[in-house]
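First comes the structure, then the notes that go with it.
The values are calculated or read from the model by the stated rules, or taken from the named source; none is laboratory data. In this text, all values refer to a predicted model and were calculated from it rather than measured experimentally. Every residue, glycine as well, gets a Cβ built from its backbone with ideal geometry; the counts of neighbours run over all protein chains shown.
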Amino acid sequence: MTVQRTNTSRVISDVNQIAMAWAQEHAGERLGTKWYDGETSMEPSEKWPVSELVRLAIRKIMTEAFSKETSMSELTESIRAASGFTKEQSRTVAETEGSLAMCHGNLAAWKRTGIVKSIKWRKSSLHKGRDVCDLNANAGSIPLGQAFPSGDEVPPAHIGCCCCPCIAELNEPKRTNSV
Ligand SMILES: [Zn+2]
């Protein structure tokens, strides 16, 4: 994933550890649901059904992608080989599952440390035209853990969404009474 540009930074490698931990538990969860058809529902998809075996294979591939340097084309090819999806579908899965793990990994880390008060939705310049991400970006600072207008706590709001969450405000540092 993004390991290439980050492996000298301990902070970012911690985030990749967190993305990896998220991927291990959740990657592929939305595959085979209507969310992947462009709807908000997590009901099973009739257009693009995905077997449990394929879901678990992709979960493993995504988890490994965060553990070592992996390019998007390698990741796409691994997903294609494991799933029988087309190249285009595999690319969509690679990008979407990568984004889910990165953003939700961040969210989990921010919640755990308790230092982040509110976040903003930074809209990706790759969005063509207006969509729900404009509403999310226009909403400004949202307290951590609350949903943006799309119903999501962090991006992606839909497949192909390359938006990022960013910290808006930090909590006041807690005074530590050393014992
Ligand atoms: Zn977006």
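What pairs come out if I take residues in the range 155-169 that are near the ligand (Cβ under 6 Å from one of its atoms) and pair them with residues that are part of a loop (DSSP other than H, G, I, E, B) and among the small types (Gly, Ala, Ser) whose C-beta lies under 6 Å away, six or more apart or interchain?
Every condition considered, the pairs that remain are ALA157/SER150; CYS163/SER124.
Take the conditions assigned by TED's automatic domain parsing to the domain that holds ARG55, surrounded by 15 or more Cβ atoms within 10 Å (Cβ to Cβ) and closer than 24 Å to GLU29 by Cβ and apply them to SER90. Does it pass? So that I can check it myself, show each step before the final result.
Working: assigned by TED's automatic domain parsing to the domain that holds ARG55: yes; surrounded by 15 or more Cβ atoms within 10 Å (Cβ to Cβ): yes; closer than 24 Å to GLU29 by Cβ: yes.
Taking the combined requirement at face value, the residue satisfies it.
The rows are residues; the columns are (1) among the polar types (S, T, N, Q); (2) at pLDDT 90 or above; (3) under 14 Å from SER99 (Cα atoms).
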{"position": "ASN136", "(1), (2), (3)": "yes, yes, no"}
{"position": "ALA139", "(1), (2), (3)": "no, yes, no"}
{"position": "GLU169", "(1), (2), (3)": "no, yes, no"}
{"position": "LYS174", "(1), (2), (3)": "no, no, no"}
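Check every one of the helices (runs of 4 or more DSSP H) wholly within the range 34-140 and list those with 3 or more residues that are touching a Leu at 6+ places or on another chain (Cβ under 9 Å).
Because the criterion is at least 3 residues that are touching a Leu at 6+ places or on another chain (Cβ under 9 Å), the helices (runs of 4 or more DSSP H) in the range 34-140 that meet it are 52-65, 87-113.
Assuming HIS104 fulfils every condition listed in (1) touching a Ser or Thr at 6+ places or on another chain (Cβ under 8 Å); (2) modelled with pLDDT of 95 or more apart from one, which condition is it?
Failing condition for HIS104: (1).
Does the range 78-93 contain at least one residue that is touching a Gly at 6+ places or on another chain (Cβ under 9 Å) and in contact (Cβ under 8 Å) with a residue 40 or more places away in the chain?
Yes, that holds for at least one residue.
Looking only at the range 123-148, count every residue that is touching a helix residue (DSSP H, G or I) at 6+ places or on another chain (Cβ under 8 Å) and either within 11 Å of the ligand (Cβ to nearest atom) or among the charged types (D, E, K, R) (or both) and tell me the total.
Total meeting the criteria: 4.
Results for (1) on the phi < 0 side of the Ramachandran plot; (2) surrounded by 18 or more Cβ atoms within 10 Å (Cβ to Cβ); (3) outside the structural domain of GLU88 (by TED's automatic domain parsing), shown as yes or no for each residue.
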position	(1), (2), (3)
ILE119	yes, yes, yes
SER124	yes, no, yes
ASP134	yes, no, yes
GLY145	no, no, yes
GLY151	no, no, yes
HIS158	yes, yes, yes
PRO165	yes, yes, yes
ALA168	yes, no, yes
